[in-house]
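The values are calculated or read from the model by the stated rules, or taken from the named source; none is laboratory data. Quick caveat: nothing in here was measured; it's all calculated off a predicted structure. Every residue, glycine as well, gets a Cβ built from its backbone with ideal geometry; the counts of neighbours run over all protein chains shown. Only protein heavy atoms, including side chains, enter the accessible area calculation; ligands, DNA and RNA are left aside. Shrake-Rupley method; radii C 1.70, N 1.55, O 1.52, S 1.80 Å.
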Amino acid sequence: MGRQSWSLLHMITGAFPQKFDDGLRQKFNTFLVLFGQMYPCKLCANHFMEMVRREGLFKGNSKKELMEYLCYIHNKVNEQLGYPIHDCSNVVE
Ligand SMILES: Cc1cc2nc3c(=O)[nH]c(=O)nc-3n(C[C@H](O)[C@H](O)[C@H](O)COP(=O)(O)OP(=O)(O)OC[C@H]3O[C@@H](n4cnc5c(N)ncnc54)[C@H](O)[C@@H]3O)c2cc1C
């Protein structure tokens, strides 16, 4: 379930337009918060929402920044779980 969920999230960010406006940024952040809240593992959902509150929502202006942001928060979960940290420097390629 976790792997498929991350795959869906990375796929969605990969399909975003290159340039952002305030409306699109707000839509993504609303989606992320709702996705996090609805995640079927309740303990995971609580940890995830705490982490997103701590790290902040997406504030960037481009698809590249969005993909880097998602890579970063995925890494925060990896860190909590003791998983390897993914290189986010070439996440767009
Ligand atoms: C919102 C959310 C919260 C979660 N919270 C928890 C939790 O609290 N406790 C828990 O046990 N599990 C949690 N999970 C599940 C966990 O993150 C893993 O998905 C699960 O353990 C399966 O791990 P995996 O090895 O298949 O790799 P996953 O982390 O699922 O990653 C799948 C693949 O994505 C690639 N990848 C890894 N890191 C990145 C990155 N930063 N950017 C881009 N690609 C990357 C790798 O190729 C990896 O094999 C959560 C999942 C989600 C979606």
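Couple of notes before you dig in:
- Residues of region 29-70 with amide N under 16 Å of the 7 Å Cα→Cβ point at GLN18: 61-67
- Computed about its Cα centre, the charge dipole of region 41-93 is approximately 260 debye, with only Lys, Arg, Asp and Glu carrying charge at their Cβ.
- Rounded to the nearest 20 debye, dipole of the chain from Cβ charges on Lys, Arg, Asp, Glu: 240 debye
- Heavy atoms of MET67: accessible area, 1.4 Å probe, square angstrom to 10: 30 Å²
- Exposure rank, largest accessible area first [LEU24, LEU57, LEU70, LEU81; 1.4 Å]: LEU81, LEU57, LEU24, LEU70
- Summed over the residues of the chain and divided among them, the accessible surface reaches 66 Å² per residue at a probe radius of 1.4 Å.
- Accessible carbon and sulfur surface of the chain relative to its total accessible area, %, 1.4 Å: 59 percent
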